[in-house]
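Each remark here refers to the structure printed beneath this line.
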Amino acid sequence: MKTRLVHVDRSAPDEQAIASAADVLARGGLVAFPTETVYGLGAHALDERAVAALFAAKERPLSDPVIVHVASADAVGRIARDFPPAARAVAARFWPGPITLVLPKQSRVPAAITAGLDTVGIRVPAHPVAEALLRRSAIPIAAPSANRFSQPSPTRAEHVLADLDERIDLVLDAGPTMVGVESTVLDLTRSPPLVRRPGAVAIEALRELLPDVEMASASGDSGQPQPAPGQLLRHYAPRARLTLHIGHTPGVLARVAAEARTLAATGARVGILAPEEDLTALAPSLAPLAAIGRVRVSGYGARRDPARAARELFDALRRLDAEGVDEILATALDPQEIGLAVLDRLTRAAEGRVRRS
Ligand code: TXA
Ligand code: MG
């Protein structure tokens with residue numbers, strides 16, 4: 001199938017473009033569209049064939065439930081069986097916005113969407129294009145991130161095309177997304193509520209509303225609450241092998257530099273994925289390796305600007321991967337606010353290769 005790319009103005013999306021995208025969805029087609037977090041791959045959530053096509057295009061395992069996007073909290077009653085007071089309070093505070101509420105599902109929601117679970121993830125996105133599409137189509141839109149399974153989430157239309165060209169009908173391109181990491185997934189079907197995926201709404205902000213909210217572990221260690229289905233370690237894996245270095249900055253940087261030298265000596269091409277401050281500190285020790293083409297650096301934002309770091313993370317990761325490096329050495333942000341989501345995504349990309357200094 002030919003994939004159409006249509007540019008839309010982020011702040012004033014063209015009605016014609018939105019109408020034609022809504023039409024594709026109504027007919028059971030697949031439309032990639034920007035949300036404030038990442039691009040989503042949309043399908044009519046109540047159309048089983050469209051949902052099946054969505055999983056096929058992404059090569060997504062059927063065990064991984066997808067999020068249903070709606071235009072406003074008023075639509076939750078059509079998807080969920082119950083909308084308890086705590087969930088309403090979170091919705092009132094953060095919607096439209098980057099938090100997904102897991103609630104008991106209604107039987108009309110196809111089992112494929114929820115991977116057979118009795119619960120469904122719902123969110124109201126805060127992006128003018130997503131909002132216009134939801135209003136115009138007047139349907140609930142199932143939308144996982146618009147990447148091929150196990151690739152990093154797309155924050156630009158180019159990323160969507162790199163993964164899904166000729167597999168979907170349409171991409172609405174409104175430029176880079178504003179947040180860059182996916183929504184926080186909050187399970188409100190248990191008490192106390194559980195954050196199943198850290199994301200753009202920080203746990204610190206959630207605690208102001210839900211003081212007893214708990215955090216699922218990223219690794220699914222036994223003894224910890226189960227992570228969300230689909231929250232397997234191998235989830236954001238680049239082609240290159242990524243090792244994440246965490247801990248005290250001076251120790252971490254010394255180790256990254258040493259590791260880069262060791263790997264380069266074996267003939268590997270090494271990519272460094274790190275915030276600006278780390279790259280600056282590493283520059284003197286990496287210069288000799290960079291000069292002989294053994295090292296590539298890819299910066300994502302800065303420690304002093306965690307929001308920018310989150311926004312740039314997936315693009316920086318994809319750029320390194322596209323350069324064909326064999327090994328990626330990454331450093332993360334401190335695990336506060338949105339830094340926790342950045343750390344979580346890098347931990348998953350590392351598939352367990354996490355070194356502590
Ligand atoms: O920011 C986002 O959430 C983006 C944009 C497009 O909205 N979407 C996104 O979707 O990241 P996806 O499919 O890549 O991630 C959905 C994740 C699942 O892997 C799972 O962890 C969780 O949301 N999830 C969805 N439904 C769930 C449910 N019923 N119970 C538990 N977790 C659920
Ligand atoms: Mg995803």
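Nothing in this text is a laboratory measurement; each read-out follows from the coordinates by a stated rule. Quick caveat: nothing in here was measured; it's all calculated off a predicted structure. Note that each Cβ is placed from the backbone with ideal geometry, even for glycine, and that neighbours are counted across all protein chains shown.
What number does the range 260-357 give for Rg over Rh if you use C-alpha atoms and the Kirkwood radius?
Working: Rg = 13.0 Å, Rh = 13.7 Å.
A ratio of 0.95.
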With bins 10 Å wide starting at 0, give me the P(r) of the chain over every alpha carbon pair, in whole percents. 6, 25, 33, 23, 10, 3, 0
In whole Hz, the Karplus estimates of ³J(HN,Hα) for the range 114-124 (6.51, -1.76, 1.60; θ = phi - 60°; x where Gly or Pro) are 9, 6, x, 6, 8, 10, 9, x, 10, 8, 10
Determine, from the Cβ-Cβ distance of SER63 and SER285 and an R0 of 41 Å, the FRET efficiency 1/(1 + (r/R0)^6), rounded to the nearest 0.05. 0.40
Taking every DSSP beta bridge with both residues inside the chain, roughly what % is antiparallel (nearest 5)? 35 percent
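Scan the range 124-207 for trypsin sites (Lys or Arg not before Pro) in coil per DSSP, keeping those whose Cβ has at most 13 other Cβ atoms within 10 Å, and list them by number.
Details: sites: ARG135, ARG136, ARG148, ARG156, ARG167, ARG190, ARG196, ARG207; in loops: ARG148, ARG156, ARG167, ARG190.
Here the trypsin sites (Lys or Arg not before Pro) that fit, given the DSSP loop and packing criteria, are ARG190.
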Separation of the GLU15 and ASP118 label points, Cα + 7 Å toward Cβ, nm: 4.6 nm
Give me the one-decimal nm value for the distance between modelled label points at GLN106 and LEU209, 7 Å along each residue's Cα-to-Cβ direction. 2.2 nm
The range 114-142 and the range 150-201 have their Cα centres apart by a whole-number Å value of 12 Å
Only sites in a loop by DSSP and with at most 14 other Cβ atoms within 10 Å count here; which GluC sites (Glu not before Pro) in the range 317-349 make the cut? GLU323
For the ARG261, ARG319 Cβ pair and Förster radius 25 Å, calculated FRET efficiency rounded to 0.05 is 0.65
Rounded FRET efficiency, nearest 0.05, which uses the C-beta distance separating ARG135 from HIS7 and R0 of 22 Å: 0.65
Suppose only helical runs count, i.e. DSSP H with n ≥ 4. What mean residue ellipticity at 222 nm does that imply for the chain under -39500 (n - 2.57) per run, divided by all residues and rounded to the nearest 500 deg cm²/dmol? -10500 deg cm²/dmol
To the nearest 20 debye, the chain has a Cα-centred charge dipole, built from +1 on Lys and Arg Cβ and -1 on Asp and Glu Cβ, of 500 debye
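Going through the range 258-328, which trypsin sites (Lys or Arg not before Pro) have at most 14 other Cβ atoms within 10 Å and a DSSP loop state?
Those satisfying the criteria are ARG304.
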